[in-house]
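No lab work stands behind these numbers, since they all come straight from the coordinates. Here the structure is a predicted model, which is why all the values come from computation and not from measurement. Positions of Cβ are backbone-derived with ideal geometry, glycine not excepted, and every protein chain shown enters the neighbour counts.
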Amino acid sequence: PSHIAVLTSGGDAPGMNAAIRAVVRSAVYYGKKITGIYNGYEGLINGNFQELNSRSVKYILNQGGTFLKSARSDRFRTPEGRKQAYDNLAKTGIDALIVIGGDGSFTGAKIFSEEYDFQVIGVPGTIDNDLYGTDFTIGYDTATNTAIECIDKIRDTASSHDRLFLVEVMGRDSGFIALRSAIAAGALDVIMPENDTTYDHLVETINRAGKNKKFSNIIVVAEGNKLGNIFEISNFLKGKFPHLDIKVTILGHLQRGGSPTVYDRVLASKLGVAAVEGLLIGRNKVMAGVMHQQIIYTPFEEAITRKAYINPELIRINKILTI
Ligand code: ATP
């Protein structure tokens, strides 16, 4: 390619800016023109383009969010919307696209790339870590760090009053944030989509904690868990344990913000460079990822449809440590 465009799409994630910076700087390094597209696929359709240079991306490495802004675009789901997007790219002389986003964004990228034979590479940017083809997605490490900072604070108040806190974390349909933050914060238990927790199991866990003289307890609840909504779980437990002071905290969008961790900045830098270098060697319809410390390119098809892998070892460790 001679002229690359970059956009961020779907939910924003800390480290997206670091990824944009890496894309822009490596494109410049390899002598390519580079254009930023604002507002994701909406901006692609509206022609919201801005040519960038290596200085355009100064002072953003440490900032959360994405300076190119992100968006959800219903128009990009339609052939007419994608035609308009293609016309804008062609008119500007852009011949390759880097999409930083999650599985929905890559689904759109794949359809577009097939429809117009257009070269596209994806960079995994989502706090949920729910993509196959990379051990970590950009933003996941920062989100879990934010979650445990909050849980640590909740623990201070929990232990002053013998309380049981149910803390809801994000993650959509996956328990990555929940499991990792439960281990890191020493939670009593974790309810997540992957572990099929039952009410009986919860009752047993809380009884055991009582017997072991654990009085301040935190249970991490993944938003996508299959047991139920956090208030339903809380009401059930209030019925079973009337003597316990049970509180609910939903961390929500706190987890999306903040300055990216070292891990996310380095990961975003690696993947931004890998995306540009992938384009240069002719890769197409793939997502750049890091598995076992190696850069790998996974076809969009697989990245979207295969289940991201929760390490069973983490589940095992968590079980041992919550005794
Ligand atoms: P996150 O997981 O962080 O929310 P995401 O990339 O999965 O990120 P989505 O809202 O699912 O976020 O998708 C982002 C955008 O991708 C959509 O708003 C839409 O424009 C485009 N997209 C998703 N699915 C399709 C599709 N089937 N066809 C065309 N475009 C799509």
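Bridgeable aspartates and glutamates around K83 (alpha carbons under 19 Å apart, same-chain partners fewer than 8 residues away excluded): E42, D74, D95, E114, E115, D117. The angle between the Cα long axis of helix 262-280 and the main principal axis of the chain comes to about 30°, on a 0 to 90 degree scale. The charge dipole of the stretch 120-221, taken about the Cα centre with unit charges on the Cβ atoms of Lys, Arg (+1) and Asp, Glu (-1), comes to about 480 debye, rounded to the nearest 20. Going from the residue with the fewest nearby Cβ atoms within 10 Å to the one with the most, I37, I323, I218 rank I323, I218, I37. Considering only DSSP beta bridges with both partners in the chain, what is the antiparallel share in %, to the nearest 5? Antiparallel bridges: around 25 percent, rounded to the nearest 5. Between D135, D12, D156, which gets the highest mean-square fluctuation from a Gaussian network model of the chain, Cα cutoff 10 Å? Answer for the Gaussian network model of the chain: D156.
Dividing the Cα radius of gyration of the stretch 170-323 by 2.2 N^0.38 Å, with N the residue count, gives 1.30. Pairs from the table (K58/K285; K285/K307; K153/K240; K58/K91; K69/K110; K238/K307) lying more than 23 angstrom apart at Cα are K58/K285; K153/K240; K58/K91; K238/K307.
Sort D74, D128, D141 by Cβ crowding within 10 Å, fewest neighbours at the top. Intermediate values should be presented prior to the final figure.
Details: D74 9, D128 26, D141 23.
If I rank by nearby Cβ atoms, fewest first, I get D74, D141, D128.
Computed over the stretch 43-99, the P(r) curve from all C-alpha pair distances, binned at 5 Å from the origin, holds 4, 14, 24, 22, 17, 11, 6, 1 percent per bin. The order of M291, M192, going from fewest to most other C-beta atoms within 10 Å of their C-beta, is M291, M192. Once you reduce the stretch 294-323 and the stretch 140-177 to the center of their Cα atoms, the two points are 20 Å from each other.
Mind checking the full-extension length gain between D245 and M291? Use 0.36 nm per residue of separation minus the Cα-Cα distance, one decimal, nm. Can you show the working numbers first?
Details: separation 46, 0.36 × 46 = 16.56 nm, distance 4.31 nm.
Result for the pair: 12.2 nm of gain on full extension.
Considering only T198, F300, A209, and ranking their Cα positions along the charge dipole of the chain that arises from unit charges at the beta-carbon of Lys, Arg, Asp and Glu, the one farthest toward the positive end is A209. With N counted as the residues of the stretch 1-142, its alpha-carbon radius of gyration over 2.2 N^0.38 Å works out to 0.96.
The Cα atoms of the chain cover 69, 36, 32 Å along the three principal axes, with the biggest extent listed first. Under the simplified labelling scheme, the Y30-R55 pair shows an inter-label distance of 2.5 nm, with each label point 7 Å from Cα along Cα→Cβ.
Let me spell out the model: positive unit charges on the Cβ of Lys and Arg, negative unit charges on the Cβ of Asp and Glu, origin at the Cα centre of the stretch 195-323. What dipole size does that give, in debye rounded to 20? If you can, show how the numbers build up before the last one.
Working: 17 positive and 11 negative charges, 71 e Å.
Around 340 debye, computed over the stretch 195-323.
Remark: relative contact order (the chain) = 23 percent; criterion is Cα-Cα distance under 8 angstrom and separation of 6 or more residues. Within the shell defined by Cβ-Cβ distances under 10 Å, the residues around T142 carry a net charge of 0, with Lys and Arg each +1 and Asp and Glu each -1. Taken about its Cα centre, the stretch 1-57 carries a charge dipole of about 300 debye when Lys and Arg each add +1 at the Cβ and Asp and Glu each add -1 at the Cβ.
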